1. So which of Met82, Met1, Met52 is in contact with a helix residue (DSSP H, G or I) (Cβ under 9 Å, 6 or more places away or on another chain), in contact (Cβ under 8 Å) with a residue 60 or more places away in the chain and farther than 30 Å from Arg144 by Cβ?
2. Whether any residue in segment 45-54 is more than 16 Å from the chain's Cα centre (by Cα) and either within 11 Å of ligand 1 (Cβ to nearest atom) or at negative phi (or both) is what I want to check.
3. If Arg144 satisfies all but one of (1) assigned to a loop (DSSP other than H, G, I, E, B); (2) modelled with pLDDT of 90 or more; (3) within 16 Å of ligand 1 (Cβ to nearest atom); (4) not aromatic (Phe, Trp, Tyr), what's the number of the condition it fails?
4. Among Thr207, Thr178, Thr202, which is away from ligand 2 (no atom under 16 Å from the Cβ) and either surrounded by fewer than 24 Cβ atoms within 10 Å (Cβ to Cβ) or not aromatic (Phe, Trp, Tyr) (or both)?
5. Before we move on, is Gly65 within 16 Å of ligand 1 (Cβ to nearest atom) and under 24 Å from Thr203 (Cβ atoms)?
6. Would you check if there is a residue in segment 160-180 being basic (Lys, Arg), within 24 Å of Arg123 (Cβ to Cβ) and touching a residue at least 12 places away in the same chain (Cβ under 8 Å)?
7. Give Thr124, Thr132 a once-over and let me know the one that is under 25 Å from Ile186 (Cβ atoms), free of Cβ contacts under 8 Å to residues at least 24 places away in the same chain and either charged (D, E, K, R) or surrounded by fewer than 20 Cβ atoms within 10 Å (Cβ to Cβ) (or both).
Amino acid sequence: MLEISNLTTHYFQGGQVATAVRGVSLTLNKGLATAIVGESGSGKSTVAMSVMRMIRPPIGDIAEGTIRVNGTDVTAASPKRMREILRTSIGFVPQDPTTALDPLYTIRSQIVEAMPHVERNKRTETIVELLTSLGIADARDRLREHPHQFSGGMRQRVAIAIALAKEPDLLIADEPTTALDVTTQIGILRLLDRLRRERHLTTMFITHDIRVARLVCQDVAVMYGGVVVESGPLSAVVEAPSHPYTQALLDASSLDVGPRQRLRAISGSPPTLLSMPSGCPFAPRCPNATDICRSEMPATTRKADGSSFACWNPVAS
Ligand code: ATP
Ligand code: MG
């Protein structure tokens, strides 16, 4: 469904080139949810925005690689073809629902825009059905309302409705619940899981929290410093992590402490883009690091459980 191979994406920062994503290869299987997990700045959103071709000069550029959505290489698509793909095949739910909604327009008019394929006289019915299935009880009465009349959780449901109205093959959700309280978060996560199963939606689910990933995803790609350090079936990766960074993320997420302490559980901080080490980006913080880790990027090793990792000195199993 989505096949990313050897993706390298740059940002142009004040005359300098910063590599935010380096040699990322990733396959999203049809009908499954794949979590992209990693700390802030690891390049998760950059991967998603590269798929949607949202990184263009002067902001940045895809420097290398191919990205196939349903077989079409979006890195080679014309602007017209790309708009077509975005209009019909890819639904996007951003972290902050307010960015997906226009305060000046009614809920109905914003969803209608995403469903030109639905016959005019069936649109209201289709929207009511969609919103109802997303847990908005009195949907019909609320179509004429504006975003500010909705709570945060409800606004995120409307953002999901807009993403789904086009009946996409691929849903990209970038930290879709971070702005919400825990109860609402769980409701939205359950909803996304149900929609995936009912609609056979291929989902890219971006989160910094591996526990959230475990609630809704079947596959995972762990990112650090712009590279995928470990990927594969989520259960396999969680049960037997090979990359020390994955191990550290899992250790940190099982600690029953406040968010600040959790961050501190992995000591040190991620690399800055302009000073990317030539070897493994995690080497400076890695308990297993040896000389080769600092000089050479490890090749990818495949395991019998279907997962892969890139590490010279993997976690002993
Ligand atoms: P977060 O969890 O904070 O959303 P992320 O994993 O999504 O982080 P990205 O947003 O992909 O990370 O950013 C990767 C790197 O690229 C970061 O170092 C970030 O500072 C840099 N970056 C992101 N957007 C831009 C931009 N528009 N211009 C320059 N650098 C950028
Ligand atoms: Mg992000």
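1. Only one candidate qualifies: Met52.
2. No, there is no match, as no residue in segment 45-54 is more than 16 Å from the chain's Cα centre (by Cα) and either within 11 Å of ligand 1 (Cβ to nearest atom) or at negative phi (or both).
3. Among (1) assigned to a loop (DSSP other than H, G, I, E, B); (2) modelled with pLDDT of 90 or more; (3) within 16 Å of ligand 1 (Cβ to nearest atom); (4) not aromatic (Phe, Trp, Tyr), the lone unmet condition for Arg144 is (3).
4. Numbers: Thr207 fails: away from ligand 2 (no atom under 16 Å from the Cβ); Thr178 fails: away from ligand 2 (no atom under 16 Å from the Cβ).
Sole residue among the options that is away from ligand 2 (no atom under 16 Å from the Cβ) and either surrounded by fewer than 24 Cβ atoms within 10 Å (Cβ to Cβ) or not aromatic (Phe, Trp, Tyr) (or both): Thr202.
5. When the stated conditions are applied, Gly65 passes them.
6. Yes, because at least one residue in segment 160-180 is basic (Lys, Arg), within 24 Å of Arg123 (Cβ to Cβ) and touching a residue at least 12 places away in the same chain (Cβ under 8 Å).
7. Testing whether each residue is under 25 Å from Ile186 (Cβ atoms), free of Cβ contacts under 8 Å to residues at least 24 places away in the same chain and either charged (D, E, K, R) or surrounded by fewer than 20 Cβ atoms within 10 Å (Cβ to Cβ) (or both) leaves just Thr132.
For (1) assigned to a strand (DSSP E or B); (2) over 24 Å from the mean Cα position of the chain (by Cα); (3) modelled with pLDDT of 85 or more, each residue gets a yes or a no:
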site: Ser253; (1), (2), (3): no, no, no
site: Ser278; (1), (2), (3): no, yes, no
site: Ile292; (1), (2), (3): no, yes, yes
site: Asn313; (1), (2), (3): no, yes, yes
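The values are calculated or read from the model by the stated rules, or taken from the named source; none is laboratory data. Only a predicted model underlies this, so the values are computations on that prediction, with no experimental measurement involved. Please note: Cβ atoms are built from the backbone with ideal geometry, for glycine as well, and neighbour counts cover all protein chains shown.
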